[in-house]
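K.L.:
This structure is in structure tokens; I'll ask about it shortly.
Every read-out reported here was derived from the displayed coordinates using simple, explicitly stated rules and does not represent laboratory data. Values in this document were obtained by computation on a predicted structure and should not be read as measured data. Quick reminder, even Gly has a Cβ in these numbers, built from the backbone with ideal geometry, and neighbours come from all protein chains shown.
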Amino acid sequence: MKISELRQLTPKKLLEELEKAERALAVSRFHVKTGQNQNVAEIKKLRNTIARIKTLLVEKERSETIPSSETK
């Protein structure tokens, strides 16, 4: 999922997407370890997606806790 698509989601939806991505990562790792799948690039893509989602969650959390008048 692209970052522009993720930015439009609410924090609740982002958490759902994070759970989906983490489950998909676990399944993908299992398939690679057992030899059912040779596509190791998928693991990297999922890890990057998870990192993007976590970054957006932190950004949204910080923007809610810091009033705009205090930011520099």
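K.L.:
Out of everything in region 46-72 that is among the β-branched types (Val, Ile, Thr) and touching a residue at least 24 places away in the same chain (Cβ under 8 Å), what residue ends up being surrounded by the fewest Cβ atoms within 10 Å (Cβ to Cβ)?
P.N.:
Within region 46-72, the match that is surrounded by the fewest Cβ atoms within 10 Å (Cβ to Cβ) is 50.
K.L.:
Related question: Which residue pairs have Cβ atoms closer than 7 Å, lie 6 or more positions apart in sequence or on different chains, and pair a first residue in region 17-45 that is farther than 18 Å from residue 3 by Cβ with a second residue that is among the β-branched types (Val, Ile, Thr) and assigned to a loop (DSSP other than H, G, I, E, B)?
P.N.:
Every condition considered, the pairs that remain are 32/40.
K.L.:
Then there's this: Please work out which one of (1) over 13 Å from the mean Cα position of the chain (by Cα); (2) within 27 Å of residue 63 (Cβ to Cβ) is the condition residue 13 fails and give its number.
P.N.:
(1)
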